[in-house]
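Written below as structure tokens is the structure these notes are about.
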Amino acid sequence: MSAFNDLLSGRSVSRRAAWLGLAATIAVSGFAIAASGPSYAQRKQGPSEVSVDELMKASDLPDLTLGSADAKVTIVEYASMTCPHCAHFENDVFDNLKKKYIDSGKVRFVYREFPLDNLAAAVSMLARCAGGDKTFPLIQTFYAKQADWAFTQGNPVPKLFDIAKQAGFTQESFDKCLTDQKLLDQITAQRTRASDTFGVNATPTFFINGKKLQETPTLEAFDKVIEPLLAAK
């Protein structure tokens with residue numbers, strides 16, 4: 001088992017082992033698991049509602065957020081960078097959701113990593129390492145170019161580096177990020193907590209003020225849930 005496979009089993013790994021394990025697994029297997037991870041349609045039934053206080057409890061991995069902290073509605077998304085359904089939401093739905101609700105201050109949006117495989121974990125680490133106002137644009141770029149790096153034959157590392165360079169990564173900072181043991185552990189802990197505490201078992205999973213979105217995540221599906229919450233006193 002490679003070091004990054006340990007991500008899914010909750011084991012800790014050394015920094016050097018993490019990078020070498022990632023590179024070796026990419027080279028040998030091409031991360032075939034990425035194409036067969038749980039889809040939106042395949043999700044099992046989890047709790048339909050979770051405690052908002054528990055959901056929003058702070059951890060040592062800072063949330064990635066957009067919108068007003070005082071918004072009446074909070075959407076929490078659990079997503080995997082190699083999930084085609086997550087990419088579809090990001091590429092085809094999110095901009096309209098953002099314009100309608102987030103930019104207007106009505107909704108706060110929280111993005112949380114739930115990697116389904118080693119490659120997704122690595123890409124999530126790169127997005128985190130970009131830092132500041134570069135993180136969300138890099139997430140968007142990786143989703144927009146998902147077909148170029150997630151489902152191709154051969155080693156995707158060079159393609160990941162080409163994309164990361166757009167956010168200012170050097171070879172040194174790229175390698176350093178992918179051997180950041182603390183960051184890997186934090187992402188692992190976030191994934192484990194989402195699964196164990198909130199019943200997340202597929203991506204994307206959305207909670208809107210603690211209630212799980214049960215439909216395919218279209219703008220219309222969000223409207224059905226968000227509008228009554230905004231109208232309530």
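The values are calculated or read from the model by the stated rules, or taken from the named source; none is laboratory data. Nothing here was measured: the structure is a model prediction, and the numbers come from that model. Virtual Cβ from ideal backbone geometry, glycine too; neighbours counted across all protein chains shown. Areas reflect the complete protein model, heavy atoms only, side chains present, ligands, DNA and RNA absent. Shrake-Rupley method; radii C 1.70, N 1.55, O 1.52, S 1.80 Å.
Using the heavy atoms of the protein chains and a 1.4 angstrom probe, tell me the accessible area per residue for the stretch 37-158 in square angstrom.
For the stretch 37-158, the per-residue accessible area is 43 Å².
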Ignoring ligands, DNA and RNA, what percent of the 1.4 Å accessible area of the stretch 102-233 is carbon and sulfur? 51
Where does the charge balance sit around W149 when Lys and Arg score +1, Asp and Glu -1, over other residues with C-beta under 14 Å from its C-beta? 0
With N residues in the stretch 91-233, Rg(alpha-carbon) / (2.2 N^0.38 Å) equals 1.16
The stretch 115-182 -> Rg/Rh from Cα coords, Kirkwood Rh, value 0.92
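Using R₀ = 30 Å, calculate the FRET efficiency as 1/(1 + (r/R₀)^6) where r is the Cβ-Cβ separation of K99 and A69; round to 0.05.
Efficiency, rounded to the nearest 0.05: 0.95.
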So what's the convex hull volume per residue for the Cα atoms of the stretch 81-149, in Å³? 85
Can you list the lysines whose alpha carbon sits under 23 Å from that of K159, skipping same-chain ones fewer than 8 residues off? K134, K145, K176
Separation of the stretch 169-211 and the stretch 54-108 by C-alpha centroid, Å? 15
Mind ranking 90-99, 124-133 by how tightly packed they are, going by the mean number of other C-beta atoms within 10 angstrom, highest first? 124-133, 90-99
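What is the local net charge at K72, summed over the other residues whose Cβ is closer than 12 Å to its Cβ (Lys, Arg +1; Asp, Glu -1)?
+1
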Based on Cβ point charges of +1 for Lys and Arg and -1 for Asp and Glu, what charge dipole magnitude is obtained for the stretch 116-215 about its Cα centre, in debye rounded to the nearest 20? 220
